[in-house]
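Written below as structure tokens is the structure these notes are about.
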Amino acid sequence: LRKYIPAIDALGPVGMSTDESDIDDDANTIYERLKKPWRAEAVDQIFSFIDTIYDLSQQDHYLSKDARGQQTHKRVPSERKSISQPPRGLLKNLYRAQWLSKQREHYARDVLGPCDDVCLSVGTDIVE
């Protein structure tokens, strides 16, 4: 996971997932993770993987009957899109290529100013 720190740092708080709360059929609060249309799919996969690791680590906490600390909440992916604007100056491959190609040349070059790439490969080596 260490190799993803530069990408996560580059995204900053603006690049993190946006959640909206909702109530499921059992009256439990769930949080829908809204899609960021500008964010690369590989980044979405990394964040989903991190969420999974966190959920699994919290299951051990829950099974131990230890009620101390912040209680976890259920986060589920959503097809709804976030309206948050993309941060400027990200590494080029942090932007979704299809989204970036649809932007005006001036906006992509002068406003967003994408630069070099960072490692985003998600594979069997993700847990290092």
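The values are calculated or read from the model by the stated rules, or taken from the named source; none is laboratory data. Please read all numbers here as calculations on a predicted model, not as lab measurements. Note: areas computed on protein heavy atoms with side chains; ligands, DNA, RNA excluded. Shrake-Rupley method; radii C 1.70, N 1.55, O 1.52, S 1.80 Å.
Identify, from the list Pro6, Pro87, the residue that is modelled with pLDDT of 80 or more and assigned to a loop (DSSP other than H, G, I, E, B). Before you say what the answer is, go through the steps one by one.
Values: Pro6 fails: assigned to a loop (DSSP other than H, G, I, E, B).
None of the other options fit; the residue is Pro87.
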Top-ranked residue of region 2-59 - restricted to ones that are within 15 Å of the chain's Cα centre (by Cα) and among the hydroxyl-bearing types (Ser, Thr, Tyr), ranked as least open to solvent (accessible area, probe 1.4 Å): Tyr4
